[in-house]
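Read the structure below first, then the notes.
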Amino acid sequence: MKTNAICLLLFIPAAFYITSSCVEDGYEWNKINKEGAFSHNNGISVSIGDFDTIRFKTQLEVPVPVDIEYIKDVEDLFSEEMYNYFVYDNKGKEEPLGDISFVADFISNINDSSNKQFSDFELSTTILKKNGEDSGIGIEKQIYKADVNTPQSFVVNIKKEDVPKLKEAHLLQLTFVFQSRMVEREDYVLIKNIKVVLAGGFRISLE
């Protein structure tokens, strides 16, 4: 962090906080009507809905952009039922069917981003266990433009060898890092139209 930003932060109240959220009502995996939910248009996928609006807490205007970190916790995304769709039984051992991707539209709605000197968003995604530990699933950071209103591609890729780690997955944590001179109540981002895509197919039980 630049020295001038450090000095300014000493006089700015804590503007952001860790908050819990959940997938929008009706889109939890165990509530989805799987019949007719699968699509072959872009690989085998199932739609799970939208994340809650990610709205940043207000920050008053300052002379120069300051470094900001905002953490959003997404609960109720992972379940035992979901995990069971991604693996099969191989002589008593659970084997992953293939790579998994969570794909969605990232929509930035930052009012007057140029005058606020809003930087790009650096987004880190972490999957945590119930005890708060990192699951060890490697997910690449993504960069999103604050001044682009059209949907940008949000992708969380999970390699086949990491799929078994989803068995202990409890929480999806999104960490936004950016700079700005000001943040208003109207500033927010959306992650919409989320689909789970599995390269190896889904295991479907006919029982």
When you scan the stretch 36-51, do you find a residue that is modelled with pLDDT of 85 or more, hydrophobic (A, V, I, L, M, F, W, C), within 30 Å of PHE178 (Cα to Cα) and touching a helix residue (DSSP H, G or I) at 6+ places or on another chain (Cβ under 6 Å), even just one?
no
For the stretch 129-153, what are the residues that are under 12 Å from the mean Cα position of the chain (by Cα) and open to solvent by less than 100 Å² (accessible area, probe 1.4 Å)?
ILE139, GLN142, SER153
When THR126 is evaluated against the numbered criteria (1) modelled with pLDDT of 95 or more; (2) more than 20 Å from the chain's Cα centre (by Cα); (3) farther than 23 Å from ASN149 by Cα, which criterion, by number, is the only one it fails?
(2)
Taking the condition closer than 19 Å to ASP187 by Cβ, open to solvent by 80 Å² or more (accessible area, probe 1.4 Å), modelled with pLDDT of 90 or more and touching an Asp or Glu at 6+ places or on another chain (Cβ under 8 Å), does ILE110 pass?
no
Being surrounded by fewer than 18 Cβ atoms within 10 Å (Cβ to Cβ), of a type outside the set (A, V, I, L, M, F, W, C) and modelled with pLDDT of 95 or more: is that true of ARG181 here?
yes
Members of the stretch 87-104 that are open to solvent by less than 50 Å² (accessible area, probe 1.4 Å) and closer than 26 Å to LEU190 by Cβ:
ILE100, SER101, PHE102, VAL103, ALA104
If we scan the stretch 191-200, do we find a residue that is touching a Lys or Arg at 6+ places or on another chain (Cβ under 8 Å) and not in a loop (DSSP other than H, G, I, E, B)?
no
Of the residues in the stretch 188-204 that are open to solvent by 70 Å² or more (accessible area, probe 1.4 Å) and at pLDDT below 85, the one that is nearest to TYR88 (Cα to Cα) is ARG203
Among the residues of the stretch 142-184, count how many are of a type outside the set (Asp, Glu) and over 24 Å from PHE86 (Cβ atoms).
18
Counting only residues that are under 22 Å from SER124 (Cβ atoms) and aromatic (Phe, Trp, Tyr), how many does the stretch 68-83 have?
2
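The values are calculated or read from the model by the stated rules, or taken from the named source; none is laboratory data. The shown structure was predicted, so the numbers you read here are calculated from the model rather than taken from an experiment. Positions of Cβ are backbone-derived with ideal geometry, glycine not excepted, and every protein chain shown enters the neighbour counts. Note: areas computed on protein heavy atoms with side chains; ligands, DNA, RNA excluded. Shrake-Rupley method; radii C 1.70, N 1.55, O 1.52, S 1.80 Å.
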